[in-house]
Amino acid sequence: MISTALDAGAVVESLYLAPQERDDLEALADRILALGGRVFSLEEGVLERVASAMSPQPAMAIVGSPIKSALPELKHGVVVLVEDLRDPGNAGTIVRSADAFGAQAVVFTGSSVDPTNPKVVRSTAGSLFHLPIVKCSVEDAFEALENSGFTSAATVMRGNAQLGVDPLADRLALWVGNEAHGLSAAVVDRCALRLSIPMQGSSESLNAGVAASIALYEAQRQGISSAAGRSTMDVGKDA
């Protein structure tokens, strides 16, 4: 994860190493020192006390936040927006899938989990640093999307368009809602499409992260998603 952040141009302020791991991570430490960062060797047991994970990795770093407060200039492709998404695992899965399938950005709105939550960061497997991650209000998100000519699609259980059946817009804003309650009526009402995933089994609905991933894959299959269209990021410049 730390190497991925460095590769993406993020600012690594400091690196903290478990005492027995300094030699194995010497190349990473040297790289951070060369970029003006600091490296600290911790005493036995310190990293385990300060890390949020039950069984932490032997290295921990303080990295400049990649989170932006406004959407970048948008081109054709897909933007994923989540409203009141609470589960860190779902959030990380959506960011990771958005990266894998070439989305333009992921936007966290409403009372969604903080994208810098340690569990979200870990579950993105580094994708947090590969594409713009934005945290803003629902209203600001809709305004930016409308100004860029994007068609908003609400993911719902029963919609007026079916994934894999109907064509998607080449500028698609894919909205994903809360795990228990879905999208708010206010967001659904502002979306031009109500998009559902055809299912043949007995399950009532899909996990939010899974549903978003399926929709992103279908957008890629239709030739909509394009990582090449992403705007350049100033990763890690915001504290």
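The values are calculated or read from the model by the stated rules, or taken from the named source; none is laboratory data. Predicted model, so just to flag it, every value in this text is computed and none were measured. FYI the Cβ positions are ideal-geometry reconstructions off the backbone, even for glycines, and counts take in every protein chain you see.
The condition (being touching a Leu at 6+ places or on another chain (Cβ under 7 Å), β-branched (V, I, T) and touching a residue at least 60 places away in the same chain (Cβ under 8 Å)) is satisfied by just one residue among T151, T109, T155, T93: T155.
This table checks each residue for (1) in contact with a Leu (Cβ under 9 Å, 6 or more places away or on another chain); (2) closer than 23 Å to V121 by Cβ; (3) hydrophobic (A, V, I, L, M, F, W, C); (4) touching a residue at least 12 places away in the same chain (Cβ under 8 Å).
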position	(1), (2), (3), (4)
A29	yes, yes, yes, yes
R38	yes, yes, no, yes
E43	no, no, no, yes
R49	no, yes, no, no
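Scanning segment 153-186 for residues that are in contact with a Gly (Cβ under 8 Å, 6 or more places away or on another chain) and among the basic types (K, R) turns up just one, R171.
For (1) under 20 Å from the mean Cα position of the chain (by Cα); (2) modelled with pLDDT under 90; (3) closer than 30 Å to V11 by Cα, each residue gets a yes or a no:
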position: E139; (1), (2), (3): yes, no, no
position: D170; (1), (2), (3): no, no, no
position: D189; (1), (2), (3): no, no, no
position: G201; (1), (2), (3): no, yes, no
position: G209; (1), (2), (3): yes, no, yes
position: Y217; (1), (2), (3): yes, no, no
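The residue list D166, D140 contains one member that is acidic (D, E) and either touching a helix residue (DSSP H, G or I) at 6+ places or on another chain (Cβ under 9 Å) or not in a helix (DSSP H, G or I) (or both), which is D166.
Yes or no: segment 207-221 includes at least one residue that is in the same structural domain as V113 (by TED's automatic domain parsing), of a type in the set (S, T, Y) and outside any helix (DSSP H, G or I). Before the answer, list the steps.
Kept after step one, since they are in the same structural domain as V113 (by TED's automatic domain parsing), are these residues of segment 207-221: 207-221.
So of that shortlist, the ones also of a type in the set (S, T, Y) come out as 213, 217.
From what is left, the residues that are outside any helix (DSSP H, G or I) are none.
There is no residue in segment 207-221 that is in the same structural domain as V113 (by TED's automatic domain parsing), of a type in the set (S, T, Y) and outside any helix (DSSP H, G or I).
Counting only residues that are touching a Lys or Arg at 6+ places or on another chain (Cβ under 6 Å) and under 18 Å from S97 (Cβ atoms), how many does segment 160-178 have?
Our first condition is that a residue be touching a Lys or Arg at 6+ places or on another chain (Cβ under 6 Å); within segment 160-178, this holds for 160.
Within this subset, residues satisfying the condition of being under 18 Å from S97 (Cβ atoms) are none.
Qualifying residue count for the region: 0.
Residues that are touching a Pro at 6+ places or on another chain (Cβ under 8 Å) and polar (S, T, N, Q) were ranked within segment 31-81; the one that is nearest to F129 (Cα to Cα) is S52.
Count of segment 118-136 residues, restricted to those that are in contact with a Gly (Cβ under 9 Å, 6 or more places away or on another chain), assigned to a loop (DSSP other than H, G, I, E, B) and surrounded by fewer than 20 Cβ atoms within 10 Å (Cβ to Cβ), is 1.
Scan segment 122-177 for residues that are within 19 Å of K75 (Cα to Cα) and in contact with a Cys (Cβ under 7 Å, 6 or more places away or on another chain) and the total you get is 3. Does L193 qualify as being over 21 Å from the mean Cα position of the chain (by Cα), of a type in the set (A, V, I, L, M, F, W, C) and either crowded, with 19+ Cβ neighbours inside 10 Å or at positive phi (or both)? Spelling it out, L193 is indeed over 21 Å from the mean Cα position of the chain (by Cα), of a type in the set (A, V, I, L, M, F, W, C) and either crowded, with 19+ Cβ neighbours inside 10 Å or at positive phi (or both).
For the condition within 18 Å of Q222 (Cα to Cα) and assigned by TED's automatic domain parsing to the domain that holds R221, what is the one hit in A185, A153, A144? Selected residue: A153, the only one of A185, A153, A144 that is within 18 Å of Q222 (Cα to Cα) and assigned by TED's automatic domain parsing to the domain that holds R221.
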